[in-house]
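The values are calculated or read from the model by the stated rules, or taken from the named source; none is laboratory data. If you're wondering where the values come from, they're calculated on a predicted model, not measured in any experiment. FYI the Cβ positions are ideal-geometry reconstructions off the backbone, even for glycines, and counts take in every protein chain you see.
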Amino acid sequence: MDATSDPIDLSERLRPRILPRPRDAALYARAQREGLSELQARVLAGRLAGYQGELDPLVTPSLRHLAHPERLADARCAAERIAQAVVDGEHIGILTDYDVDGITSHVVIRRTLHELFGVPETRLHSLIGHRIHDGYGISLPLVERTLALSPRPSLVITADCGSSDEPRIARLAAEGIDVVVSDHHALPVEGPPPSAHAVVNPTRDDCTYPDATIAGCMVAWLVMSLTRSVLIEWGVLPEATPKLSPWLSYVALGTVADCVSLGDSPANRAVVTHGLALINRMEAACWRAMAQRLGADSVPFDAETLGFQMGPRINARSRLDDPYAALHFMLAEQDHVASRYLDVLDQDNQSRKAIEADMAEEARALALPALAADEPAIVVFLEDGHPGVQGIVASRLVQAYGRPALVLTPAAAPGMLTGSGRSIEALHLRDALQRTFALAPEALPRFGGHRGAAGVGVPVEHLDAFKAAFLQAVAEQLGEAELYPRILTDGDLAPEQLSLATLEELQALGPYGREFEAPLFQGEFIVERLRPVGADGTHLMLELSLGAVTHRAIWFRALTAGEVPAFGVGDRLRCAYKLNRNRWRGRESLQLMVEHAEATA
């Protein structure tokens, strides 16, 4: 297809296709032999292709499946240095990323040092960068801020950052400050930063920890757990000192919000399951404030609540402003304090949504030439775009057009652009960027990330060269793959399976998240009733019948403002939908959550 293609052809190419998920036949059979229902086996086999390990740690998550923190390379060295700082009464800096993973890591470290190890608050220094002004990781502004502290910390503990910050770590070390790095991001090719006192990262080549997919907050939790053990070994703390188990509530939030794998990761599945149980005790003010904000019917929280309600509010703060309000919200001891900070997070989240909507609309318009030319990826530069919302907009483009997307905006540094990318299942985005760098190194001086998401820094003058090299790299990796929006489902449900009992059967396999997506089904229904709802009429409330039974359904963002549905009462709809529990005034009923629907002949 070229730029002169018929718009009807383009529209057809961009039409979402409802397709069944590929299913691992061997795993499907094994799961049923081991006692799972046909539906549960179907869900597993559609998500864990090629999985050969035991099923029990995945389907019955338990903390007993966590490996000992000593299996993390450098963990003993890190724990002993932190323990020494506790014993000697040193001032300690806690330096973390500004997103949910970083904020929850910060809470774990700070609460452990103060509440379990007895370090006075006056000796703890919170160091969190500003996304726009400081940038990610141990940035130069954060280094200067650390050096300006009085008294100055003699130890800095990082979490969710630091693996690629050797120059700044070396600067701190030269000033007599030891740096203990705890992180989970990919290490640079030259290895861990040599100037750090210790580098705890499960992606290290010499690390024997069995799960490299754990989030930064989990690495921090393991390091602080080992520090507790060291202090007990040294006789500094009594053996009765509480363990860090209650902090797994924060680890659950950080793990879900950071979109690490919930597929074949027993550790991640265990901490999210256990953490949700802790959260639903509502013992911390932050959880109570959020439950009150969302309404009584929101409890108990599930992974979706963390990922789509709490996570975006905390992330919105760091996207638009400094992240300390998010930290204060998580640390609040009184409900009215947590509620006050949640007001700030809510306001930021509403602002983020408005910015995102404007940027997504502009990005879709700018993507049209690439789509018409059938380019294998979308690269758009938003001259007035907000850098804190790039990744969300890129995700929207991937969802809409079924191909990788990079969204660029002006960077704080003159002459530079910053960008975030999101990928599709068939493309390893970081590998594509590594190839881009090989093709045009001057056009990509900075990049990082993983298979599904990545960040870039691109000089304005080399934007065209970057785009050409990136498209070549993507094309080399994808080959002749046909690109269009895919909606992968777990197949059909029989009429009698549309019940709360089926929903409970599926929930027993939770938690769901990245690489273990919530079950999505397909089926044909008759429209019995429909009406637009919502402040701007963009959602559809439906009643859909299958056989003799009619079910209530909701389709969020089904329409654009003022749009009329393309179907009506009596029409047959082919839907992709999820099962949902609708709670209203203490009563529960099944509700279908429509993700996509199209009229059939």
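Structure notes:
- For region 206-215, the criterion of a residue being touching an Asp or Glu at 6+ places or on another chain (Cβ under 8 Å) and in a helix (DSSP H, G or I) is satisfied by no position.
- Residue in region 361-371 that is of a type in the set (D, E, K, R), out of contact with any strand residue (DSSP E or B) (no Cβ under 6 Å at 6 or more places or on another chain), outside the structural domain of Leu408 (by TED's automatic domain parsing) and within 14 Å of Arg288 (Cα to Cα) present: no
- A single member of Leu124, Leu140, Leu63, Leu113 is outside the structural domain of Glu505 (by TED's automatic domain parsing) and buried (at least 21 other Cβ atoms within 10 Å of the Cβ), and it is Leu113.
- So Thr96, is it surrounded by fewer than 17 Cβ atoms within 10 Å (Cβ to Cβ) and under 25 Å from the mean Cα position of the chain (by Cα): no
Yes or no, residue by residue, for (1) over 18 Å from the mean Cα position of the chain (by Cα); (2) within 20 Å of Glu482 (Cα to Cα); (3) surrounded by 20 or more Cβ atoms within 10 Å (Cβ to Cβ); (4) at pLDDT below 90:
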position	(1), (2), (3), (4)
Phe329	yes, no, yes, no
Ala373	yes, yes, no, no
Pro387	no, no, yes, yes
Leu397	no, yes, yes, no
Pro410	yes, no, no, no
Ala413	yes, no, no, yes
Thr418	yes, no, yes, no
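- Scanning region 215-225 for any residue that is modelled with pLDDT of 95 or more, over 21 Å from the mean Cα position of the chain (by Cα) and not polar (S, T, N, Q) turns up at least one such residue.
- The condition of being at negative phi and touching a residue at least 12 places away in the same chain (Cβ under 8 Å) holds for Pro153.
- Boolean, Gly235 is among the small types (Gly, Ala, Ser), under 30 Å from Asp88 (Cβ atoms) and surrounded by fewer than 18 Cβ atoms within 10 Å (Cβ to Cβ): yes
- The set of residues in region 172-198 that are of a type in the set (A, V, I, L, M, F, W, C) and more than 20 Å from Glu90 (Cα to Cα) comprises Ala186, Leu187, Val189.
- Evaluation of Ala548 against (1) within 31 Å of the chain's Cα centre (by Cα); (2) surrounded by fewer than 16 Cβ atoms within 10 Å (Cβ to Cβ); (3) more than 16 Å from Leu520 (Cβ to Cβ); (4) not polar (S, T, N, Q) (one fails), failing number: (1)
- Within region 311-349, the set of residues being in a helix (DSSP H, G or I) and among the small types (Gly, Ala, Ser) comprises Gly311, Ala316, Ser318, Ala325, Ala326, Ala338, Ser339.
- Filtering region 491-544 to residues that are closer than 20 Å to Ala599 by Cα, β-branched (Val, Ile, Thr) and crowded, with 19+ Cβ neighbours inside 10 Å leaves only Val527.
Rundown of residues vs (1) more than 30 Å from Glu515 (Cα to Cα); (2) surrounded by 17 or more Cβ atoms within 10 Å (Cβ to Cβ); (3) of a type in the set (Val, Ile, Thr); (4) not assigned by TED's automatic domain parsing to the domain that holds Val594, yes/no style:
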residue: Ser11; (1), (2), (3), (4): no, no, no, no
residue: Ala31; (1), (2), (3), (4): no, yes, no, no
residue: Val43; (1), (2), (3), (4): no, yes, yes, no
residue: Ala49; (1), (2), (3), (4): no, no, no, no
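- Filter result (under 17 Å from Leu493 (Cα atoms), among the hydrophobic types (A, V, I, L, M, F, W, C) and touching a strand residue (DSSP E or B) at 6+ places or on another chain (Cβ under 6 Å)) within region 536-576: Leu544, Leu546, Ala553, Leu573, Cys575, Ala576
- Filtering Ala29, Ala79, Ala49 for residues that are at pLDDT 95 or above and within 27 Å of Val271 (Cα to Cα) leaves a single hit, Ala79.
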